[in-house]
Amino acid sequence: MKRLGSAVLAAVLFSAGAASAQPRYERAQNRQEDRQNKQEMRDDRYDVRELEDVLRRFDSAQARRDEGAMRDVERRLRDLMRAELAEGRHELAADRQEIRREERDRGGWDDRRDRRDDVRDARAEAASQSARSAVARELSSLVGSRRPSDLHRTRTLITQLIQMGRQEIRDNKQEMREDKHERQEDRREWRDDRRRY
């Protein structure tokens, strides 16, 4: 009888220890995701401001028919696109890594929900990356052309990039709200779990 009591006591203590250890790991993971989301938000805001500046400079150079200024705008736009595509590849790799981590940490319904959210985020990032790549290819084909139709198309593509950047900012804000809500749910669950033990 003493062995059974000891086994029950050990199981209860082990469960309570595991329940209290899990939140520490999850809190650290949540803090990392918060830092990542905030950095992505800063990057996206910077990118939008830079693209808006490029658009202003493009309009000014076109109105003045300033070839040197137009070449500078094209050079800056090319640099921004390279940086944006590299950043997108990095974010996509991070999203895929998070999905793999969720695969390893499979657990209850909230883990499945987190994985579903991560898969959705990765798909959205892949679609966004594909759209940016298509815009970059088309912009590349227009560089140096001063035909009015090509200049109009270049301006349209710059505007499209700005809209995509603004959409990313809105998506990041939504994701941050969802993450905050999930953390609140997790804290409630952890408190409930601790009360049981």
Just one of 161, 157 is at pLDDT 95 or above, of a type in the set (A, V, I, L, M) and farther than 18 Å from residue 43 by Cβ; which is it?
157
Of the conditions (1) surrounded by fewer than 12 Cβ atoms within 10 Å (Cβ to Cβ); (2) touching a Lys or Arg at 6+ places or on another chain (Cβ under 9 Å); (3) of a type in the set (D, E, K, R), residue 195 fails just one. Which one is it?
(2)
Report yes if some residue within the range 131-148 is at pLDDT below 80, more than 17 Å from the chain's Cα centre (by Cα), loosely packed, with under 13 Cβ neighbours inside 10 Å and among the charged types (D, E, K, R); otherwise report no.
no
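Per-residue answers, yes or no, for (1) surrounded by 15 or more Cβ atoms within 10 Å (Cβ to Cβ); (2) touching a Gly at 6+ places or on another chain (Cβ under 7 Å); (3) at pLDDT 85 or above; (4) charged (D, E, K, R):
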| position | (1), (2), (3), (4) |
| --- | --- |
| 104 | no, no, no, yes |
| 115 | yes, no, no, yes |
| 150 | no, no, yes, yes |
| 153 | yes, no, yes, yes |
| 168 | yes, no, yes, yes |
| 190 | yes, no, no, no |
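Listed here are the residues, each with its yes/no results for (1) surrounded by fewer than 19 Cβ atoms within 10 Å (Cβ to Cβ); (2) over 26 Å from residue 127 (Cβ atoms); (3) among the acidic types (Asp, Glu); (4) modelled with pLDDT of 95 or more.
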{"residue": "49", "(1), (2), (3), (4)": "yes, no, no, yes"}
{"residue": "57", "(1), (2), (3), (4)": "yes, yes, no, yes"}
{"residue": "60", "(1), (2), (3), (4)": "yes, yes, no, yes"}
{"residue": "70", "(1), (2), (3), (4)": "no, yes, no, yes"}
{"residue": "74", "(1), (2), (3), (4)": "no, yes, yes, yes"}
{"residue": "78", "(1), (2), (3), (4)": "yes, no, no, yes"}
{"residue": "83", "(1), (2), (3), (4)": "yes, no, no, no"}
{"residue": "88", "(1), (2), (3), (4)": "no, no, no, no"}
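The values are calculated or read from the model by the stated rules, or taken from the named source; none is laboratory data. Just so it is clear, the structure is predicted and the values come from calculations on it, not from any experiment. Quick reminder, even Gly has a Cβ in these numbers, built from the backbone with ideal geometry, and neighbours come from all protein chains shown.
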